[in-house]
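Here is the structure we will look at.
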């Protein structure tokens, strides 16, 4: 690697090869292709034969930095490393911290993989967040001995999970939250990816005691609110990677990094300044068409560079937005016949606890050329303008802090740090420059070739959303709290065909960038009637169905918010979010029957009034149930069980929903058949519905659809075909939910959308997999009315009351 | 880089009213895009032409899929594919069935057949309405006609029930169906000054008083066909002009009553016999289908034009017609008072509406 690991503030990573990892665990999701007869099946199994075959690139950037896991498999043992993890904690964290860590560790150590796929947690659950940990592995699917058995796949995933675990450990963390796994397959090559956020969890949540108890204790202990999770979990003197630490800007007691990347949602108690925004890094790399092993090698060689570049882009864009933390980071690497695509999406925010990000400096390579210098300074001016504009746009006005604590945010020209580009041809010059003394809060982008120019340009081509529009890929937008009930979930699919002639990386990048930008622009335009609104949970999926085709699928929900109350102080935000968290606890009560099943054995679901009673009473968790659920984790399990059971027991009476009120019908003298019997079913990728209370979970919806047409032209071409199909998928999901007696789908996700066409044969096929939770919700306003007026009456009809989405 | 596929599907179907209008007006996607660009939407929203193109395509696709449902509006309400709020559904239907005044004047009273459909090209050129839009409007007329043609009950109610139209639009369609069924001639040059509203007004009066439904509300076709028996009976009115004594008596009654009240009294007095003959002969001729079709031509020729050439003010026409109808009750030798009222009551309303420049 031509990268200089001595530079204290540069991006570096190390490449590690693991070849002897075997551990059996259940695999999550692995795509399967038929097993090809392998003439030499033994060569490329998981044995230590060819390193290239089983290469696992470990790349675990916490903050902007990458952590190296040393190149042997010894540190994968389950015992904590004393040098880095728990042993060092005592030095700086004080006795409490050490105690905390020990307790948590003992609680977590019994678990093989202390991984949480959840992304949102109760306040106080996350004690510290170390950073993003990720691992990838390139595998050949045709080398599996026994394709029908899961052993090999399980071993692959176990390998990756161990890797993740060891990364987390090296960051001084004992758990991984916001964990996810994914695969990308092209022919027989498969990239397995896993990523998560290394974290230290509050042991009380994992041991005995209820959620409430934990909250009380947390408050008693007087842990800093709103910044605790930002504090570094690792030892300052023995850091796993070079990092730039400062004292927390919130409590001034503990150290924080200058940037924080995570895969989880923003904790509800975090103090955020201004609004957040969607930040995407997009990258394409051409690769030669190759077969099997050669192909795997080519991919393996490209991957680390891509990871690095994606992070560089994220970092630069974050700086350009004037923000200092990323939440909900999701990096997707897609493999195609002749290219690799990388798409990273995250929500940038300004955390009050972290230092103000420095600007971006660009430096030219040939300083003698006058016109070139002029061009550079012009670009610099543009960048500075953009940063200033973004700060205004996202209302980032951090309180002034005295110089002595933070130092000058704009560094002296000679005192700036720099940002390395991964292009190998540029790195030689780079190392000669010495720019990294002293303060390190600005980035230097070096323009040393046309590629670099492109990069800087692409930084500036990202157009901010039109005014009144915000976007994020987390559940809700940091800094916006007053959502209205107007929501619009949508799916948008685009496929572009690349002109195959003379494709270069730059051209490819530009095409891909334009594709994503245009898609976002289209969304902003289409949803302009909802302004002021926010696109939440923006989920991009990239696939490469054919050589020259790029397919991007986006699912998100647009939620209108009340502009008048939008400018809330961060103080009330924290209060509100705490409130929200406590109502979340109440929501656990949506399964009273499951909790007391022996007392009410004959009813699969209790009458709705019980829900309402328990929901409207603010007394918290009843004592009996508190005893039953010894911990929060148990509760979650219970919830999951209920959901599962609910999907089988569909004995719920289907409430006749007649939500289309007469009053809404304009210009109408009400002919008899005008009253529609079709109920409105809301769909959202979020776990909640703004302004409403979920009173009942009816079960998981998980549906696969395959559609084929042999009359593509007659159905309006590919667009007509897919448009109709997706509309029908939505309709079928809604109908299914309505049949279960529900009126909404939450946590909706389109897991698969595989589209193939053959225009010459006038044919196309599409496979779609969607899932979500069917629920019954009640408007909060209605809930109040009902609970005050007739607390004992059956309120079921109001569950499906006349809500009309627009 | 070419776009192969580009779609947007919302859980709630997005309807852009402006694009819907462009689609209904029959513009192609590219025409619609350039019209939208001209409306200044790019400047307002900061969007690009490509975004506009994609958006327009999406809406057009959606409308195309909805069109099938719009052909039977109750289906739109009960379908599950597109989740559309009721107010939007109503708007979709109402706009889809709305028609252009210029177009409806061209086809009003014509047989809604393939033959007429072939003439749509000419109508399109003449009116400046796109052929696509003409087709949609023509097909709407035809569809409504086919559905309600043989139906029992009130024409307006039937239309409203099966097409979920607003009251006003349903009445307009009732007029169109009524005219198409009876094939009233409306295209003659001397009728060009009349608007669709004038005809629709007359149609409503005629439906109320001259059809089968006016006497019996349980027959099929009750509102679309004229009461044949009634038309047959109208022959009896002929004695009002054939019997010279009766005509003179009628004239003297009217003249006595209107003396001093009418600005155009002398003209009226001079023309009375001609006018009366005209009106009664129109009634007597209605037994023949051909003459039924020419009803409006006859009314304009025999009554509106003579009065207009003498510059009768509208109020004088009203006074005259009132007196002219009422005086018949005082004619002792005339026995068909009820018949006369049924005929003249409607005709008086129609004539007053038709009497303008």
Inter-chain shielding metric for A:511-519, i.e. average beta-carbon neighbours from other chains within 10 angstrom, reads 2
Take the alpha-carbon centre of segment B:1-68, take the same for segment B:73-111, and report the distance between them in whole Å. 20 Å
Inter-chain shielding of B:53-65 (mean C-beta neighbours from other protein chains, 10 Å cut-off): 3
Can you tell me which of B:142-151, B:167-176 comes out highest on packing, and rank the rest after it, using the mean Cβ neighbours within 10 Å? B:167-176, B:142-151
One finds the C-alpha centres of segment A:141-197 and segment A:299-360 to be spaced, in Å, by 21 Å
Only helical DSSP H runs with n ≥ 4 go in: add -39500 (n - 2.57) per run for chain B, normalise by residue count and round the 222 nm mean residue ellipticity to 500 deg cm²/dmol. -19500 deg cm²/dmol
Classify segment B:227-353 as rounded, prolate or oblate from the Cα gyration tensor: take a ≥ b ≥ c as the square roots of its eigenvalues, call it rounded if a/c is under 1.5, otherwise prolate when a/b beats b/c and oblate if not. oblate
Can you tell me which of B:289-299, A:305-315 comes out highest on packing, and rank the rest after it, using the mean Cβ neighbours within 10 Å? A:305-315, B:289-299
Considering chain B as a Gaussian network with a 10 Å cut-off on Cα pairs, which listed residue, B:346, B:13, B:256, attains the greatest mean-square fluctuation? B:256
Averaged across A:734-741, how many Cβ atoms of other chains sit within 10 Å of each residue's Cβ atom? 1
How far is the Cα center of segment B:272-317 from the Cα center of segment A:459-493, in Å? 69 Å
Most mobile of B:345, B:115, B:40 per a Gaussian network model of chain B (Cα springs, under 10 Å)? B:40
Which of A:751, A:693 has the fewest other C-beta atoms within 10 Å, and how do the rest follow up to the most? A:751, A:693
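Any read-out appearing in this document is the output of simple, stated calculations on the displayed coordinates, not a laboratory observation. Every value quoted in this text rests on a predicted model; they were computed, and no experiment measured them. When we count neighbours, we look across all protein chains shown, and the Cβ atoms used for this are built from the backbone with ideal geometry, even at glycine.
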